[in-house]
Each structure stands twice: as C-alpha cells, then as structure tokens.
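Here, each number is a calculation from the coordinates, and none is a lab measurement. Just so you know, these numbers come straight off a predicted model, no measurement behind them. Ideal geometry is used to build each Cβ from the backbone, glycine not excepted, and the neighbour counts take in all protein chains shown.
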Amino acid sequence: MRAVIDKLYFQNNLTNEELLALLNSINEDTKKYLIEKAHETRMRTYGDMVFMRGLIEFTNYCKRNCRYCGIRAGNKLADRYRLTDEEIMQVCCEGYELGYRTFVLQGGEDDYFNDDKIIAIVKAIKEKYPEVAITLSIGERSYESYRRFYEAGADRYLLRHETASKELYEKLHPGMSFESRKKCLHDLKKIGFQVGAGFMIGLPGQTNEDYVMDLLFLKGLGPHMVGIGPFIPHKDTPLAGDIGGTVETTEIMLAITRMLLPNVLLPATTALGSIDHFGREKGIKAGANVVMPNLSPTIVRKKYALYDGKICTGDEAAECRKCIEARINKAGFNVDMSRGDNLVWRRI
Ligand code: SAH
C-alpha cells in the first residue's frame, strides 16, 4: 500500500479501486505512513500555520429533520434561541479584539433569518470591519439568495455534502435530496464563494465504498474548504443508540483529503476534539490546518447541541482562544490569525 500512498502524494489522485484497496487494507503501519505524507503535503502548501476562525452559532431553530442532529425540528426538547443583531455585533467586536479576522455565522435553517436579515448582518459586520472574512453556514438556499449574500460581502460558505452516497443521504435527511445539495454547492462555486463541502464519519451503515464516494466527490467538486468530523449521537434523536465515528477513521480521511486537494483549508473539528482529548491535535498532525474556536456567548453554547459531549461549552471566548493556541503550539504548529484565504482563490 506504500506505493498507492506514494501515488496519492505525487499525483494528488487515486482511482476508485485504489482508494477502496487502501481503506480496506489499512493498518497501523500504513496509517502512520499516510499521515506522514499528508503532513509533508501541508508543510509544502500552508507550512506549520493553523488558521483560526471565530465561530458564531447564532440560531438553533431549524426547519430540517436530519436524523443525526440535535437541533432537528423534531427534537421538541431542544431549548431554542436566536441571537439579536446587537448580540451578533457584540460577539464580533469581542472576537475582533481577540484577533479573529474570520467570522463564521452558523445556524440551523431558520426562516426567521430571511435573506434581507442575513444581508443586513453581513453588511453591518463588513462596514465595521472591512478587512475580516465572513463565512456563512446556514444551509440550502436559492441561487439568487446565495448571489445576494455574496454581493453583500460574504466571502465563504460552508455546506457539507454530509455523505456522497445518495441512498444514505436520503435516509438521513427526510424530505431532502442529494441532487439539491449538489446543486447548492455548484451554485456557490459559480457565484465565487470559497466553498466548503465535507462529510461525517461513522454514520449508521456507512461503508468504505461510501467513503470512496465522498473522497472522489470532493476531488470532482474541488472545494476550497472541507469539513470532516465524526458523527456523534445525540440522545434526543432517532440515532441516539448508534456508535458514531472514530478518531482513527477521521484521521485517515483527513490525511487522504489533504493529498487529494493539497491547497484545501481543512479544519480539525470540534466534533473530533469532543471524542478524544487530543482529537484536534491528532487532526492537525494528519493534515488539518484550521480550527474554529467558539465565540458564541457562553449562555447559548450548551443550547447549540448538535451532538452530546460537545467541548468548550462553558468557556469564555478569550479562554478558548488561549487554550487552543497553547495546544497548537504544544503540538508543534503555529497560530495564524490572518483572514487565511485559500491559496488559489481570488474574489471575483
Ligand atoms: N444548517 C447548516 C449548518 C449545520 S451544522 C447546514 O445545513 O449546513 C454543521 C455540521 O454539523 C453539519 O453539516 C453536520 O455535518 C454536523 N453535525 C450535525 N449533527 C452532528 C452530529 N450528531 N455529530 C457530528 N456532527 C454533526
């Protein structure tokens, strides 16, 4: 399998069969080699820098019913909240003072925040802080809505494809279609956003064949960012009794993704940090180069519960900032507080 990993390293591509063979036969030894090569790749592209993004979870209302997610509409036990425009600005202000130059506005699919409201928020942040990058992560909207967000000044958009297996996708997302998800991602790219796709690890019934589809889907799409994290069951969802994903499989997928898309911005996710005390460090060592510390007000953090056992729900933004920097340094990497755009992206 070393020859296959070398091919991935040098050519940034593998066939369906090669990827499947790699995943089916991976052992401690080859995993170590894979991670080494992914690390070399990131050192060539972004060096030892890890970009910081300030995450603002501004609403946990959601009209969707994703079976894995704790804030799904059907979870009547979720304690719902929305931040006001003033609260969002306050959080940005605090984040800016702490040095953040990217704000990620994430939420459930909440119709209260219609296009005009989102546009007003984006414009207000850009007016006060013209040099920051704004990332939106608010689910599926029309081409026209996305275009207006971009025109208002939004720079990036995160919309994980969740799984590239159409069958599994549609089982997990009642009333949604994989075709619409793909269309949104293509629309976002066409408009000019830096686009983030990505998938979960350890979904019920997910196989190595499914992971191969995820990896090749990413290679075909060519996103600027890729979010990969373990699925973690939430107690008040239909998947409460499931096992969820492992650190090992997540590391493997991060490493392969780093080599398939050498210039990609790849976060070591909060979910990965939540299943292992050193999860984020392990992700960074496997090729990840972004972390997204939480900036949300402490009082709402527990309420943005996509899964059980989420870390940092009790910490102030300033503590998170210090803690993650110390961890990154200890792991042998350096924090980069700049906007951290994708190497090959220019605003059009
Ligand atoms: N509504 C937005 C943002 C979703 S939350 C959207 O549709 O894009 C961000 C990500 O959290 C999701 O894309 C999903 O991959 C992840 N997520 C949701 N529930 C999860 C769970 N139980 N375990 C791990 N990750 C989860």
Centre separation in Å (Cα based) which lies between segment 113-130 and segment 285-330: 24 Å
Entries in 123/189; 37/310; 7/189; 63/171; 183/302 that, when Cα-Cα distance is taken, lie over 23 Å: 37/310; 7/189; 183/302
Under 19 Å from the Cα of residue 128 - aspartates and glutamates, other chains or at least 8 residues apart: 85, 86, 87, 94, 97, 116, 151, 155
Three-way shape call for the chain based on the alpha-carbon gyration tensor, with the a/c threshold at 1.5: rounded
Under 12 Å, Cβ to Cβ, from residue 202 - net charge with Lys/Arg +1 and Asp/Glu -1: -3
Length-normalised contact order for segment 2-336 - Cα pairs under 8 Å, 6+ apart - percent: 24 percent
Dipole magnitude of the chain, debye to nearest 20 (Cβ charges: Lys/Arg +1, Asp/Glu -1, about Cα centre): 360 debye
Separation of alpha-carbon centers, segment 215-273 and segment 3-24, rounded to whole Å: 18 Å
Dipole of the chain, positive direction: furthest Cα of 328, 311, 185, with charges on the beta-carbon: 185
Neighbourhood net charge (13 Å Cβ-Cβ; Lys/Arg +1, Asp/Glu -1) for residue 249: -3
Estimated D of segment 267-348 in µm² per second, where Rh is the Kirkwood radius over Cα pairs and Stokes-Einstein applies at 20 °C, 1.002 mPa s: 155 µm²/s
Net charge contributed by nearby residues that have their C-beta within less than 12 Å of residue 133 (K/R +1, D/E -1): +3
Peptide ranges 281-288, 101-108, 173-180, 41-48 listed from the most packed, as the mean C-beta count within 10 angstrom indicates: 281-288, 101-108, 41-48, 173-180
Charge dipole of segment 2-336 about the Cα centre (unit charges at C-beta), most positive-ward option of 163, 232, 88: 163
Overall form of segment 30-152 per C-alpha gyration tensor (a/c, 1.5; a/b vs b/c): oblate
Dipole of segment 1-129 [Lys/Arg +1, Asp/Glu -1 at C-beta], most positive-end residue of 100, 5, 77: 5
Solitary cysteines of the chain, where the nearest other Cys Cβ is not under 4.7 Å: 62, 92, 93, 184, 312, 320, 323
